[in-house]
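The values are calculated or read from the model by the stated rules, or taken from the named source; none is laboratory data. Values in this document were obtained by computation on a predicted structure and should not be read as measured data. Neighbour counts run over all protein chains shown; Cβ positions are idealised from the backbone, glycine included. Surface areas here come from the heavy atoms of the whole protein model, side chains and all, with no ligands, DNA or RNA. Shrake-Rupley method; radii C 1.70, N 1.55, O 1.52, S 1.80 Å.
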Amino acid sequence: MKISKRFILLFIITILFCVSTNARGNRHKDELEGEDTEIPIVFKQSGQLDLMFNTMQGYEPGLFAVSGLYDVEGKKFSALTGIKLQRGDSQFSFSGAYTFFKRNKLSLGTGVIYNLNWLHDISLTNNFLPGIYLEWKPTPFYALEMNVDFFLKLRNVFILKDDLSSLINATMAFYFHNDFFLPNNINLYFEFASIEPFRYMILCAPSFIFGGRYSIENNLDIGLEIIVHYIDFFTLSAHFDDMEFHVGVGYKW
C-alpha cells in the first residue's frame, strides 16, 4: 500500500503530540501523588446498551441500529470501548484518557480516540483523534466537560480499488457537554459536538444532543437521547440533516 509523504508527516505530528502531553502529565505526577496516596485505587466499571433509530434524511444506511459500550475508570485514567451494528454499517470505537492535573473542581487530561467505520458496500474508514480535555464542576448540580482533538481521517473507497492509497482528511474536532444533576436521581444533559462515539464527521457537521437518565437503583439506570444533525453549520448554507433517537439501559459496578 502506497503511503503518501503527507500521511507520514501527519503521523509523526500525532506521535509527537502524544509524547509531549504525556511528558506534561509526568511533570505533575509528584505533586498529585501527595494528595491521595493513602486512598486505594478503585476501578469503576459500567456497561450500556442502546437501541437507535433515525429519520433517514441523512447519510445513515439503515433505519435501526444497536450499540454497546463498556467503560472502566481508575484514579487517573479511563478507557471506553464499544461497537455499533447497523444494516450496511459496522463500527468499533476505543478511547483512553489520562488525567495529569486535578484540583478540587477542575481536571485536565489528554487522550486518544480511535474509530473503525466499515460501510459495507462503500468504504473502510479509520478515524484517529488525539486531544486534550477539561472537566469543571463548580457546583454539585452542574458539570461541564470540553474536548478538543486533532482529527485524522483515512478512508479507502471500494469503488477506487485500483488505487490502494487512502483518502486523507486532517481537521479538528470538539465537544461541549453540560450535565445537570437534579433531585430524584435524574440527570439531564445537553451537548454540542462535532463527533459522537459512532459518528465522525468533518468539523462543519455538528450534533446537538439532548438527553436524560434516571437511576432506578444505585447501579441501574435508563436513558433517552434526541440528536439533531446539521451540515455546513458554520456557513450561510447551514441546513438540517437528520435526527436520531436513542433508548438505552446502563449498569454500573
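Measure out, as a whole number of angstrom, how far apart the alpha-carbon centroids of region 162-205 and region 88-145 sit. Rounded to whole Å, the Cα centres lie 8 Å apart.
Within the set Lys105/Lys153; Lys44/Lys153; Lys84/Lys137; Lys84/Lys161; Lys76/Lys252; Lys137/Lys252, which residue pairs have Cα atoms separated by over 24 Å? Exceeds cut-off: Lys105/Lys153; Lys44/Lys153; Lys84/Lys137; Lys84/Lys161. Accessible surface for region 62-207, divided over its residues, is 51 Å² per residue with a 1.4 Å probe.
Heavy-atom accessible area for Ser166, with the other protein chains in place and a 1.4 Å probe, reaches approximately 30 Å². Sparse packing (at most 14 other Cβ atoms within 10 Å of the Cβ) combined with a DSSP loop state is found for the following trypsin sites (Lys or Arg not before Pro) in region 90-166: Lys105, Lys161. Across region 142-185, the relative contact order, built from alpha-carbon pairs under 8 Å that are at least six residues apart, equals 53 percent. Round to a whole number: what % of the accessible area of region 143-253 belongs to carbon and sulfur, probe 1.4 Å? Roughly 67 percent of what the probe reaches on region 143-253 is carbon or sulfur. Using R0 = 22 Å, the C-beta based FRET efficiency linking Glu73 and Tyr114 works out to 0.75. Length gained on full extension, Gln57 to Leu134: 24.3 nm, using 0.36 nm per residue less the C-alpha separation. Think of region 87-156 as having a plus end and a minus end, set by charges on the Cβ of Lys, Arg, Asp and Glu; of Met146, Ile122, Phe101, Phe101 sits farthest toward the positive end of this dipole. Rounded to the nearest 20 debye, the dipole magnitude of region 188-250 is 80 debye, with +1 charges on Lys and Arg beta carbons, -1 on Asp and Glu beta carbons, and the Cα centre as origin.
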